[in-house]
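Engineer: Sharing a structure here in structure tokens format.
The values are calculated or read from the model by the stated rules, or taken from the named source; none is laboratory data. As the structure is a prediction and not an experimental result, all values here were calculated from the model. All Cβ positions, even for glycine, are placed from backbone atoms using ideal geometry, and neighbour counts span all protein chains on display. Surface areas here come from the heavy atoms of the whole protein model, side chains and all, with no ligands, DNA or RNA. Shrake-Rupley method; radii C 1.70, N 1.55, O 1.52, S 1.80 Å.
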Amino acid sequence: MFGDDADDAVVLAVPYRQVRHDVLVPLVAVERHGEQAVAVWADVGPSSLPRSLSAQQVVTVGRAAGGALASLHAHGLVHGDVTADALVRDADGAPRLAGAGAAVWCGRPSSPADDVHGLALVLAHLLASDASP
């Protein structure tokens, strides 16, 4: 659920529904329920990424998420909250980027540089936890 101005959240969500990228978890709808707005993302069977990945797996996640961010940025949009919780895997184990736009609708300012910085921090953390022998 998002902030106090549900009408603004619904309007701000419209362009995010138009962005298509294989790695982005699609936004299905943002609906007003009373004074709140509720976002509904597609069910891709996501689960958290393991907190310990090999360097090769980290590169795979970084390329996938970076491509999804590039697509958002090319549309003039930002994710707004790239954290480890935003990086999930689908039912096939492929990396996905979830939650695009939610922080923006809550009024949290963000930029493409913030998205890239967030991704870099997550990847650095995953590399520091490298599970390879």
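Engineer: Report the calculated FRET efficiency for Arg63 and Ala91 (r = Cβ-Cβ distance, R0 = 25 Å), to the nearest 0.05.
Structural biologist: It comes out at approximately 0.80.
Engineer: Please compute, for the alpha-carbon atoms of the range 19-133, the extent along each of the three principal axes and give them in descending order in Å.
Structural biologist: Taking max minus min along each principal axis of the Cα atoms, the range 19-133 gives 53, 30, 23 Å.
Engineer: In deg cm²/dmol and to the nearest 500, what is the mean residue ellipticity at 222 nm of the chain if only DSSP H runs of at least 4 residues count, each as -39500 (n - 2.57), divided by the residue total?
Structural biologist: -13000 deg cm²/dmol
Engineer: Given contacts defined as C-alpha pairs under 8 Å and at least six residues apart, what's the relative contact order of the chain, whole-number percent?
Structural biologist: So the answer I get is 30 percent.
Engineer: Compare Gly101, Gly118, Gly45 in a GNM of the chain, Cα atoms joined below 10 Å, and give the one with the largest fluctuation.
Structural biologist: Comparing Gly101, Gly118, Gly45 in a Gaussian network model of the chain, the most mobile one is Gly45.
Engineer: On to the next question. For the range 21-70 and the range 73-120, what is the separation of their C-alpha centers, rounded to whole Å?
Structural biologist: Their Cα centres are 7 Å away from one another.
Engineer: Within the set of other residues whose C-beta is less than 15 Å from the C-beta of Ala91, count the net charge using Lys and Arg as +1 and Asp and Glu as -1.
Structural biologist: -2
Engineer: Just grab the label-to-label distance for Gln56 and Ala84, each label 7 Å out from Cα along the Cβ direction, in nm (one decimal).
Structural biologist: 2.3 nm
Engineer: With every protein chain present, what is the per residue accessible area of the range 91-133 (1.4 Å probe, Å²)?
Structural biologist: 54 Å²
Engineer: I've got another one for you. Mind pulling the angle between the C-alpha long axis of helix 6-18 and the longest principal axis of the chain? Nearest 10 degrees, somewhere in 0 to 90.
Structural biologist: Between helix and principal axis, roughly 50 degrees.
Engineer: When the expected Rg is taken as 2.2 N^0.38 Å, what fraction or multiple of it is the alpha-carbon Rg of the range 1-87?
Structural biologist: 1.22
Engineer: A follow-up question, please. How would Thr83, Thr60 rank on accessible area, largest to smallest, probe 1.4 Å?
Structural biologist: Thr60, Thr83
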